[in-house]
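Data first, discussion second: the structure below is written as structure tokens.
The values are calculated or read from the model by the stated rules, or taken from the named source; none is laboratory data. Just so we're clear, the structure is a prediction, and the values are computed from it rather than from any experiment. Ideal geometry is used to build each Cβ from the backbone, glycine not excepted, and the neighbour counts take in all protein chains shown.
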Amino acid sequence: MSNIPLVSIIIPTFNRAHLILETIESILNQSFNNWECIVVDDSSTDGTEELLWEYFQKDKRLQFHKRPENFKKGANSCRNYGFEQSTGEYLIWFDSDDLMTPDHIAVKVDVITNAKKDFVVAQTANFKDGILMKPYKYDQKEYGIKASDFILSKIHWYTYDILLTRLIAQKLRWNEEMKSWQDYNYFCKMLLETENGSYIEKVVTHRRLHSQSIQSNLTRTIKDFNQELLENRLLTFYDIQVSIDTFTRMELVNGMMNLCYEIGKSGRFSMHCGEVSKIVKKEMSLKSSFLFLLSILVVSIFGRGYILLSMAKRK
């Protein structure tokens, strides 16, 4: 067994007592046996703790932890704490309402060890009410996986698609300020550490769609969607700005400017737009910052102002 790597599966959970046992069963049914599963509970109120404590007595590979009080509430804090408890050579980040196919771990470990990669990206298919849908479309570039492509949303994958080495994971941390799209932030940082990864042409995760999912609750309207996306991109910009090239940095800034404009068009003003204006001033000029803020004001009142926004983007 010593030659078989240990894989750590880290799962944050909050009020998923009605779903998490199915997730755990899918892990217990893995054809690859050398794993540890670390579930970190984010102060659930639905009996999750009692349910799992009893259930986890069946297998010593299963661990239950409560998020410590000195860790901020949220899934990312639970992931960070879970990683601190883990010992595996490889890491899989998973969610408490999704399912692994029986060969999920085996397929990933086979590719990452034989190809000598730092990470691998497998595939996911959604399911709802027991019906499996078509797999998510993965846009694979001929030249391989590049950080700039992921940062600029030219490629994408889900949290649970990845298996990565501990050597890379220990250089990273989940941003505990984020409410949504946490995986975008994490994998931007991962790819800035290494682009030595490969795709696996196989669905090994079934992603459950339901009304209580975090993403459904956060992005019910386009207004909320833009607000949440802006916050994510701003926090990500702060995390990676010193590590990215000028073109990628400016594309991120332009994207945040566009989001602020769209929020303004809906009659709202986000406090994050003030932070974006400071970035525009630093990266472009005082004039650009002024025109940017003016475009938001004008579009919020008159419903138009894109010419001003375009002028703001010119250095």
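Has segment 146-159 got at least one residue that is closer than 20 Å to residue 77 by Cα, in a helix (DSSP H, G or I) and not assigned by TED's automatic domain parsing to the domain that holds residue 236? Break it down into steps so the answer makes sense when it comes.
Step one: of segment 146-159, the residues closer than 20 Å to residue 77 by Cα are 158-159.
Add one more test, that the residue is in a helix (DSSP H, G or I), and what stays is 159.
From what's left, not assigned by TED's automatic domain parsing to the domain that holds residue 236: 159.
Checking segment 146-159: at least one residue is closer than 20 Å to residue 77 by Cα, in a helix (DSSP H, G or I) and not assigned by TED's automatic domain parsing to the domain that holds residue 236.
With the condition kept exactly as written, say whether any residue in segment 85-93 is of a type in the set (Phe, Trp, Tyr) and under 15 Å from the mean Cα position of the chain (by Cα).
Yes, because at least one residue in segment 85-93 is of a type in the set (Phe, Trp, Tyr) and under 15 Å from the mean Cα position of the chain (by Cα).
This table checks each residue for (1) at pLDDT below 95; (2) surrounded by fewer than 17 Cβ atoms within 10 Å (Cβ to Cβ); (3) part of a loop (DSSP other than H, G, I, E, B).
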| site | (1), (2), (3) |
| --- | --- |
| 111 | no, no, no |
| 121 | no, no, no |
| 125 | yes, yes, no |
| 134 | yes, yes, no |
| 139 | yes, yes, yes |
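So how many residues does segment 74-92 have that are at pLDDT 95 or above, farther than 9 Å from residue 10 by Cα and assigned to a loop (DSSP other than H, G, I, E, B)?
Number satisfying all stated conditions: 3.
Residues that are among the β-branched types (Val, Ile, Thr): find the helices (runs of 4 or more DSSP H) completely inside segment 234-315 holding 3 or more of those. I'd like the intermediate steps shown before the answer.
Details: elements: 246-265, 271-283, 286-302, 306-312.
Where helices (runs of 4 or more DSSP H) fall fully within segment 234-315 and carry at least 3 residues being among the β-branched types (Val, Ile, Thr), they are 246-265, 271-283, 286-302.
With respect to residue 54, determine if the residue is out of contact with any Gly (no Cβ under 7 Å at 6 or more places or on another chain) and surrounded by 13 or more Cβ atoms within 10 Å (Cβ to Cβ).
Criteria not met by residue 54.
Just give me the residues in segment 1-38 being touching a Gly at 6+ places or on another chain (Cβ under 9 Å) and not in a loop (DSSP other than H, G, I, E, B), in sequence order.
Answer for segment 1-38, where residues must be touching a Gly at 6+ places or on another chain (Cβ under 9 Å) and not in a loop (DSSP other than H, G, I, E, B): 7, 8, 9, 10, 11, 12, 35, 36, 38.
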